[in-house]
Amino acid sequence: MIGTGYVGLVAGTCFAETGNDVICVDIDESKIEALNRGEIPIYEPGLEELIRRNVDEGRLAFTTNVAMAIRRSKVILIAVGTPSDEDGSADLANVLEVAAGVGRVMNGYKIIVTKSTVPVGTTERVREVIRGETKERFDVVSNPEFLKEGAALDDFLKPDRVVVGSDSQEAIAVMQELYSPFVRTENPILIMDIPSAEMTKYAANAMLATKISFINEMARVCESVGADIDNVRRGIGFDSRIGFKFLFPGAGYGGSCFPKDVRALICTSAEQGIETEILKKVEEVNETQKRMLAEKVIKHFGADLGGLTFAVWGLAFKPRTDDMREAPSITIIEMLLEHGAAIKAFDPEAMENARKTFGDRITYATSVYDVVEDADALLLVTEWNEFRRPNFERMHSSMKQPIIFDGRNLYDPGRMAKNGFVYYGVGRKNPNG
């Protein structure tokens with residue numbers, strides 16, 4: 001497994017858990033040293049225990065020796081980063097650099113698998129690069145991942161489907177054997193051509209991002225016409241053609257996948273002369289939605305927020321992760337700071353990453369209730385479980401002004417009014433008038 005980021009670490013560990021010998025490789029010496037000390041660089045529930053067990057049992061190892069790992073392995077999975085370039089396209093430099101390195105040290109038949117999310121045509125480019133470096137026989141496979149941060153182990157160990165793109169029956173047979181322990185409940189391993197496998201990952205993430213932007217746009221309409229988005233959401237979600245998943249209005253999507261993949265698909269389509277108008281609007285709506293909560297604050301308090309302190313619950317882009325990449329909290333806090341506000345923030349896992357983002361420009365609280373002490377309002381940005389049933393009486397007595405801007409619609413507006421709070425949700429009827 002080349003790359004020990006989120007995908008590489010989770011996938012490598014899960015493959016080891018089913019009895020395979022796995023070598024995870026990274027050129028970052030400090031990261032590998034930390035992993036060999038048992039220090040896990042990401043927060044993912046259950047991952048640390050799984051890594052330690054498989055290391056102790058000798059199935060999982062970490063190294064910076066790329067050549068050794070390639071020579072000892074039959075299946076080589078590329079799981080390095082593909083960040084957005086300036087134009088929004090996927091930067092494939094890391095993937096192609098790894099491919100060249102694999103080709104230079106191959107010592108027999110290998111199956112090279114792209115696990116990184118890559119545009120259509122990338123796996124063929126990987127093939128061309130390797131072919132230019134070696135006379136050894138090899139096959140290439142596209143095997144996109146569908147992991148949700150915070151639930152990645154379950155997603156990998158119990159996938160709803162596995163996608164394998166290849167033109168080699170030999171490689172397909174190996175991939176089917178590799179994944180067979182994960183699909184014993186008859187969930188499918190979908191075999192397809194390489195371009196279709198690459199496109200499947202982008203299409204899946206684009207569809208989910210579209211559902212999020214759609215319901216957020218409907219929430220804005222509800223606020224304008226006096227409807228309640230929670231009623232509307234339930235009214236359409238029970239339609240089996242629509243369903244409830246990803247149908248929750250909020251402060252917008254973030255993370256390492258949806259923003260990057262939507263932009264990359266827009267760019268890939270444009271290169272083919274196809275203008276993806278829906279996806280462009282999905283991205284536009286999401287950027288607007290990230291500003292929504294701060295705009296509600298400014299509308300309530302006025303443009304000059306000097307002398308006011310705002311508490312923020314949740315910094316990670318979603319619960320059960322410490323990932324702050326493109327998190328809505330960043331946009332919200334930056335807007336409030338620009339208007340002169342003071343910010344106190346708390347997140348169960350993302351505080352260290354928040355310090356890398358904000359430095360000393362905000363205050364970092366130590367607990368759920370410490371953060372609301374003397375606050376002029378609370379902004380709920382990430383729906384961690386510990387924020388769902390707080391002690392509202394305690395909050396009311398400790399806040400300077402009992403005002404809540406609920407960016408995830410966790411609370412009932414009527415109950416908030418009865419508890420003495422001024423309450424703003426997303427697309428909800430305001431009980432305060």
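Any read-out appearing in this document is the output of simple, stated calculations on the displayed coordinates, not a laboratory observation. Because the structure is a prediction, the values reported are computed rather than measured. Quick reminder, even Gly has a Cβ in these numbers, built from the backbone with ideal geometry, and neighbours come from all protein chains shown.
When shorter helices are ignored and each DSSP H run of at least 4 residues is given -39500 (n - 2.57), the per-residue value for the chain at 222 nm works out to -13500 deg cm²/dmol. Counting only residues at least eight positions apart within a chain, or on another chain, the aspartates and glutamates with an alpha carbon under 19 Å from that of Lys290 are Glu217, Glu223, Asp261, Asp322, Asp323, Glu326, Glu334, Glu338, Asp347, Glu383, Asp406. In a simple Cβ point-charge model (Lys, Arg +1; Asp, Glu -1; nothing else charged), segment 138-230 has a dipole of about 120 debye relative to its Cα centre. Remark: relative contact order (the chain) = 12 percent; criterion is Cα-Cα distance under 8 angstrom and separation of 6 or more residues.
In whole percents, the pair-distance distribution calculated for segment 261-320 from its alpha-carbon pairs, binned every 10 Å from zero, is 17, 31, 26, 19, 7, 0.
A protection proxy built from the mean count of other Cβ atoms within 10 Å ranks the segments 195-208, 265-278, 313-326, most packed first, as 313-326, 195-208, 265-278. The alpha carbons of the chain give a radius of gyration and a Dmax of 23.6, 75 Å, in that order. Looking at segment 57-152, the trypsin sites (Lys or Arg not before Pro) that sit in a DSSP loop and have at most 11 other Cβ atoms within 10 Å of their own Cβ are Lys74, Lys135, Arg137.
Return the whole-Å distance between the Cα centroid of segment 99-126 and the Cα centroid of segment 199-217. Comparing the Cα centres of segment 99-126 and segment 199-217, I get a distance of 28 Å. What residue among Ala16, Gly255, Gly235 has its Cα farthest toward the positive end of the dipole of the chain, where the charges are +1 on Lys, Arg and -1 on Asp, Glu, each on the Cβ? Going by the charge dipole, the pick is Gly235. Of the beta bridges in the chain, as assigned by DSSP with both residues counted there, near 5 percent are antiparallel.
Mean separation of Cα pairs under 8 Å and 6+ residues apart, divided by the residue count of segment 198-350: what relative contact order is that in percent?
Across segment 198-350, relative contact order equals 23 percent.
Checking the table Lys260/Lys281; Lys245/Lys356; Lys211/Lys344; Lys318/Lys356 against a 26 Å threshold on Cα-Cα, which pairs fail? In this structure, Lys245/Lys356; Lys211/Lys344 exceed 26 Å between Cα atoms. Taking every alpha-carbon pair under 8 Å whose residues sit at least 6 apart, segment 16-102 reaches a relative contact order of 30 percent.
Using the Cα gyration tensor of segment 6-192, with a ≥ b ≥ c the square roots of its eigenvalues, what is the shape: rounded (a/c below 1.5), prolate (a/b larger than b/c) or oblate (neither)? Taking the square roots of the gyration eigenvalues as a ≥ b ≥ c, segment 6-192 is rounded.
Can you tally the lysine pairs in segment 6-192 where the Cα-Cα distance is under 21 Å and the two residues are eight or more apart, or on different chains?
Working: Lys31/Lys115; Lys74/Lys110; Lys74/Lys115; Lys74/Lys135; Lys110/Lys135; Lys115/Lys148; Lys115/Lys158; Lys148/Lys158.
Within segment 6-192, the lysine pair count is 8.
Think of each Lys and Arg Cβ as +1 and each Asp and Glu Cβ as -1; about the Cα centre, that makes the dipole of the chain roughly 800 debye. Considering only Phe405, Ile194, Ile51, and ranking their Cα positions along the charge dipole of the chain that arises from unit charges at the beta-carbon of Lys, Arg, Asp and Glu, the one farthest toward the positive end is Phe405. Within straight-line reach of Lys418, meaning a Cα separation under 25 Å, sit the following lysines at least 8 residues removed in sequence or on another chain: Lys296, Lys299, Lys400, Lys429. For segment 43-111, which GluC sites (Glu not before Pro) pass both filters: DSSP loop (anything but H, G, I, E, B) and at most 16 other C-beta atoms within 10 Å? Answer in residue order: Glu57, Glu86.
Highest-first packing order for the peptide set 398-410, 22-34, 227-239 is 398-410, 22-34, 227-239, based on the mean count of other beta carbon atoms within 10 Å. Assuming charge only on the beta carbon of Lys and Arg (+1) and of Asp and Glu (-1), the dipole of segment 6-192 about its Cα centre is about 740 debye to the nearest 20.
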